[in-house]
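Inspection log for the structure reproduced underneath, given as C-alpha cells.
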Amino acid sequence: MNRYKLNKKHVSWGITAFCVIVACIAFFWILQRWAEFHLAVVSAMSVLSPFVWGFVIAYLLTPMVRWFQSKIFEPPAAKIFKRKNRTRRIFVFSRTPAVIISILIMYLVIAALLWLILPQVYHSIDSILRNMTLYVSVAENWIESILENYPEAEEYVITVLGDVSSGIATWLRNSILPFMGRVISGISTGMVFVLKGVYDILIGTVVSAYVLFNKETFAAQSKKVLYSIFKKENVRKILYALKFTDRTIMGFVSGKLLDSLIIGILCYICCSVLQMPYVLLVSVIIGITNIIPFFGPFIGAVPCALIILMVSPMQCLVFVIFIILLQQLDGNVIGPKILGSTVGINGFWIMFSIILGAGLFGFVGMLLGVPVFTVIYAGFRYIINARLKKRGLPSDTARYKPKGVMIEKPFPEDEVTRGQ
C-alpha cells in the first residue's frame with residue numbers, strides 16, 4: 001500500500017501546474033473578450049468609485065496626516081495625558097485633528113484651483129479665440145517679411161500656420177472652453193451627473209477619514225491574512241515588496257507634484273518679468289504637463305509656444321529659450337533634489353513605461369507608468385539576482401558583456417579555463 005502513498009512534493013507541483021494552466025486560460029479568455037471585460041470593470045468601478053476615491057485620497061493624505069500628528073499634536077498630547085489609557089488618548093487626540101485638518105487643506109487647495117485659477121484661464125482662452133484673426137494676420141506679416149525672397153516656402157509656411165491656428169481654435173472652442181465653462185458654472189450634462197460627482201466626493205471623503213484613522217488596524221488585519229496563508233519568510237518578502245512599492249510610488253508622485261508646482265510658479269514669475277502674453281494660462285499648462293515624465297516638457301511647451309507665436313514671434317523665440325533653460329534647471333537641479341533616486345531605471349525603460357501607460361490608461365498611465373514599471377523592474381531584478389546567486393554566478397551586468405569588452409573580473413568558468 002505504500003506505493004500508493006501521495007508524495008507532498010509531487011502534489012505541490014501538480015497544484016502549481018494546475019494554477020498556472022488556469023491562469024493562462026483566464027488570461028487568454030480575457031484577451032478574447034476584452035471589450036466585455038472592460039465594460040464589466042468600468043461598471044464595477046462606477047459602483048465602487050466612492051471607495052476608490054476614498055482610498056486614493058487617504059493614500060495621498062497619509063504623509064500630511066503623519067506630519068501633523070507627530071509634529072503638531074502629539075507633543076502637547078503627551079504632556080496633557082499622563083494617566084491610564086495614556087497611549088490611546090494621545091492617539092485619538094493627535095490623529096483626529098490631523099485627519100480633519102489634512103482633509104480641509106485638500107478642499108481649500110481644490111477650491112483655490114477652481115475659483116482663482118480656472119476663471120482667469122477661461123478668460124485667457126476666450127481672449128485668444130476673439131483675437132485669433134488678428135494674431136494670424138500678425139504672424140503672416142512676420143513670415144512674409146522673412147521669407148519674401150522664397151515665395152514657395154512662404155506660401156507653405158502660411159498654409160501650415162493657417163491649419164495650425166484653425167486646429168487650435170477648434171480645439172479650444174469645442175473642447176476646452178465648454179469643459180471649463182461647465183466646471184466653473186457647476187453645470188454638467190445633467191443633474192444626475194452632478195449629484196453622482198457630489199455623492200462620490202462626499203462618500204469618498206468619509207471613507208478616506210475612516211481609513212486614515214484606522215490605517216494601523218487595516219495594516220494589522222492584512223498582515224494577519226498574509227501570515228495565515230504564507231510562511232514567515234515569504235511574508236517578510238511580501239511586506240518588503242509592499243513597502244518598496246509604497247515608497248517608490250508615493251515618493252515619485254508627491255515629488256513630481258511638488259516639482260511641477262515649483263516649475264509652474266517659476267514659469268509664472270519669469271513670464272511676468274518677460275511680459276509674456278497669457279502668463280497664467282501658459283504657466284498652468286507648463287506646470288500640469290511637467291507632471292508627465294520625459295515627454296511632459298515638450299507636450300506643454302509646444303502649444304504654449306504656438307499661442308505666444310500668434311501674438312508675437314519674437315516673444316515666442318524668447319519663450320522657447322526660457323523653457324529650454326527652465327527644463328535644464330528642472331532636470332539637473334530641482335528634479336534630482338526632490339525625487340532623489342526614486343527612479344532607478346534608464347531612459348529607454350522610462351520612455352517605454354510612459355508610452356505603454358499612456359496607451360492603456362491615458363494621463364494616469366503616463367503619470368504612474370514610471371513608478372509602477374520601476375517596481376516591476378526591481379522585482380524581476382531581485383528574482384534574477386537571487387537565482388544567479390543560487391547558481392554561483394555574478395549578478396553584475398558588466399560581467400556579462402561580450403568578449404572584447406573590458407570587464408573587471410572573469411567568470412568562475414573563465415578562471416577554470418585559463419588555469420587549464
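Every number here is computed from the coordinates shown, using simple stated rules; none is lab data. Please read all numbers here as calculations on a predicted model, not as lab measurements. Note: ideal-geometry Cβ built from the backbone for every residue, glycine included; neighbour counts use all protein chains shown.
Kirkwood hydrodynamic radius of region 211-283, from the reciprocal of the average inverse Cα-Cα distance over all distinct pairs: 15.9 Å.
Based on the Cβ-Cβ distance of residue 386 and residue 56, what FRET efficiency does E = 1/(1 + (r/R0)^6) give at R0 = 30 Å, to the nearest 0.05? The formula returns an efficiency of 0.35 here. The alpha carbons of region 242-298 give a radius of gyration and a Dmax of 13.8, 48 Å, in that order. If the chain linking residue 324 and residue 273 were pulled fully straight, counting 0.36 nm for each residue of separation and taking away their Cα-Cα distance, it would gain 16.7 nm. For each pair in 82/237; 71/256; 243/390, compute the distance between the two Cα atoms and list the pairs where it is over 27 Å. From the list (82/237; 71/256; 243/390), the Cα-Cα distance tops 27 Å for 82/237. Each residue, residue 20 and residue 72, gets one label point 7 Å from its Cα in the Cβ direction; the gap between the two is 5.3 nm. Averaging 1/r over each pair of different alpha-carbon atoms in region 34-86 and inverting the result gives 14.5 Å, the Kirkwood hydrodynamic radius.
The mean sequence separation of alpha-carbon pairs under 8 Å and at least six residues apart, normalised by the residue count of region 35-123, gives a relative contact order of 27 percent.
Cβ-Cβ distance of residue 13 and residue 206, R₀ of 60 Å, FRET efficiency by 1/(1 + (r/R0)^6): the value works out to about 0.80.
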